[in-house]
Amino acid sequence: MSEPALGVVAVGNALVDVLAQTDDAFIEQQAEAHGMEKGAMTLIEETRAIELYNQIPAGIESSGGSAGNTMAGFASFGGSGGFIGKVADDDLGKIFQHDLRSLGIQFDTQPLVMGAKTGRCLILITPDAQRTMNTFLGASVELNAEDVDEDLIANAKITYLEGYLFDREQAKQAFIRAAELAHNAGHRVALTLSDPFCVDRHRSDFLRLVESHVDLLFANEEEIKSLYMQDNFDDAISAVSEHVEIAAITRGEKGAVIITKGEQIKIDAAPVDQVIDTTGAGDQFAAGFLYGFTEGKDPETCGKLGALAAAEVISHMGPRPEAIYKELISKAA
């Protein structure tokens, strides 16, 4: 069997991000009126997206989506990859497609011609750098098993699945198909849990996916505790160690813990002068870890690459790198 040409192919929501700075009072007002929850992701309809967009200050608009952000970081390290996700045949869809392709990421999923518009995520940044996300999924949730490119999956060392996409049955079927294709080709499957509320809604399905199809699991502390319904972090990581080859669990300023072969490896958070915006921190940690893993690095080095990428992205607005991650590699040695 020939060596795969790609390091990672990601399957995820294709979204355009709108990032705006606001204050806690605005979040509180929106929480009372619309159920917005600070620091979490709330799914919204298109009419609500338009309404909220008109209420927030002018912000930064850029291609986003958790898995798309990870692939942007992976490419910045020098990795080669692909993306499977659904946009509409509209202006935002064309922007998203162009942005990924300009990074060297293969993206050829057929756009949605009729129906929902390209999805977007309105991200509100408060002075404490917390991000509160309001997501109109739009065309992204129309992804189905037929969109999963068998040749692309077979040509990647790792297939990376984004938990945010896991809300609809057809997306779950797309995940299963992608995982089976990857394993049939002798390659690994990675999953990011994405959000504790995603886990709460679909816990049993997530557990089946993790136990039956996942080799590498990415999560933060709240997500892993939610998955295993544990209040204690140590109990949660003890449970996950029985199900996957490697689990990489981020803990904010506490750094991260890598669990592999019964061993726990603690990764310190990389220093950052000022935290501006935590959007994309987990996405970029995954980018660094996946790059290291596909290059044959040991788990500790992979974790250090993830921590360096996370530190870079939280030092500025936006979920994608401004620095060239390839220049960080020597720091992780």
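Quick notes on this structure:
- Given (1) at pLDDT 90 or above; (2) in a strand (DSSP E or B); (3) closer than 19 Å to I125 by Cα, number of the condition A10 does not satisfy: (3)
- Number of the condition not met by K94 [criteria: (1) without any contact (Cβ under 8 Å) to a residue 12 or more places away in the chain; (2) closer than 22 Å to A182 by Cβ]: (2)
- Sub-8 Å Cβ pairs linking a first residue in segment 1-26 that is acidic (D, E) to a second residue that is surrounded by fewer than 23 Cβ atoms within 10 Å (Cβ to Cβ) and outside any strand (DSSP E or B), at least 6 apart or interchain, are D17/G318; D23/T126; D23/P127; D24/K38; D24/T126; D24/P127, ordered by first then second residue.
- Test for F83: is it part of a helix (DSSP H, G or I), aromatic (F, W, Y) and surrounded by 14 or more Cβ atoms within 10 Å (Cβ to Cβ): no
- Considering G288, G318, the condition of being under 23 Å from E162 (Cα atoms), among the small types (G, A, S) and in a loop (DSSP other than H, G, I, E, B) is satisfied by G318 alone.
- Within the set L112, L103, the sole residue that is closer than 23 Å to L6 by Cα, out of contact with any His (no Cβ under 6 Å at 6 or more places or on another chain), hydrophobic (A, V, I, L, M, F, W, C) and surrounded by fewer than 24 Cβ atoms within 10 Å (Cβ to Cβ) turns out to be L103.
- Some residue of segment 158-166 being acidic (D, E) and more than 18 Å from A67 (Cα to Cα): no
- Residues being among the charged types (D, E, K, R), out of contact with any strand residue (DSSP E or B) (no Cβ under 6 Å at 6 or more places or on another chain) and within 17 Å of I84 (Cα to Cα) - total across segment 170-203: 3
- Number of residues in segment 123-182 that are outside any strand (DSSP E or B), of a type in the set (D, E, K, R), within 25 Å of G280 (Cβ to Cβ) and modelled with pLDDT of 95 or more equals 1.
The values are calculated or read from the model by the stated rules, or taken from the named source; none is laboratory data. All values reported here derive from a predicted model rather than from experimental measurement. As a convention, Cβ positions derive from the backbone with ideal geometry for all residues, glycine included, and neighbour counts pool all protein chains shown.
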